[in-house]
Amino acid sequence: MVAGSDQRTILPNSPVRFGCFHTPRGMAVLLLRLVLLVGWAAILSGTSAAQASGSKVPVLVELFTSEGCSSCPPADDLLARLDSLQPISGAQLVVLSEHVDYWNHDGWVDPFSSASTTERQASYEHVLNLKTPYTPQFVVDGTAELQANDSRKVLATLQQAGSTPKIALRILSASVTSANPLVIQGRTESPSNLEKHKVDVFVAVALDHAESQVARGENSGRHLSHVAVLTDLAKIGKLEPGKSFAQDFHVKLKLPPTPAKTIRLVVFIQESGPGRVLGAAEEKLPLN
């Protein structure tokens, strides 16, 4: 059992146990603080919190979640609000909703879940020295994991990440082919790696918006909504110390059963491990 009276474990016969937090009160407090923070940020900076992100520091915010976990919908809502409100002055929050598959045994198979996402979360648990994976779990820039009910820590972590310089990264071109299956093709570049070691470059493809009507499991009867739902993550190369990087990429698009109108393309630089996220760029692409 993971520490904390509001957490329970599942998969009792498994060598690895996963927890699900129940945090509606903490979530409400955090949402209120985010709204207040957006107002103050606009006053202090003299500009809208939704201004263009060209000069802002990108911060990668990953949410490990599941439609089979009853405490995940509030965290999904929080991720959506972070995405739309952009409450951290000087930062561009680049969000990804990553659905794990270990809740699928409990009556509902999350249509957006994957074993690869579960493996990515497990890798984080290892490098961050955590006892067990759980949902919902936020990971910020690959180095800080957060429980959504700790509002002060969430805001402080996002502010610190937004003040940390990053490696410049750009998406030079991106488009969706009309072939079957659909393919996202594009090119990305980074002028130089200031680190003293190689770092990995990834391309993530996500559904801009997705919904489900859950028929069974802990969220039975609920209509759930998600943003930036990860469908594919691929490593496309390495950035060498002191050198520039330019790479073409081609990624097959995995569409859900429900129609999708827009996808998000996220390119990010991360230390192996997975470790620190050192840069990120994002672009939205319409699906015709």
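The values are calculated or read from the model by the stated rules, or taken from the named source; none is laboratory data. Every value quoted in this text rests on a predicted model; they were computed, and no experiment measured them. Counting neighbours? That spans all protein chains shown, and the Cβs are built from the backbone with ideal geometry, glycine included.
Tabulated results
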quantity	calculated
Any hit, the stretch 121-134, residues being surrounded by fewer than 20 Cβ atoms within 10 Å (Cβ to Cβ), over 29 Å from L255 (Cβ atoms), over 18 Å from the mean Cα position of the chain (by Cα) and charged (D, E, K, R)	yes
Identity of the residue in the stretch 93-120, of a type in the set (G, A, S) and either in a helix (DSSP H, G or I) or more than 19 Å from L224 (Cβ to Cβ) (or both), that ends up nearest to the chain's Cα centre (by Cα)	S116
Residues located in the stretch 253-288, provided they are of a type in the set (K, R) and closer than 18 Å to A210 by Cβ	K254, K261, R264, K284
Pair list, Cβ under 6 Å, 6 or more apart: the stretch 80-92 residue outside any loop (DSSP other than H, G, I, E, B), other residue of a type in the set (G, A, S)	A91/G162; Q92/S53
Wholly within the stretch 174-288, strands (runs of 3 or more DSSP E) carrying at least 3 residues that are at pLDDT 95 or above and buried (at least 20 other Cβ atoms within 10 Å of the Cβ)	183-190, 199-213, 223-239, 262-270, 277-286
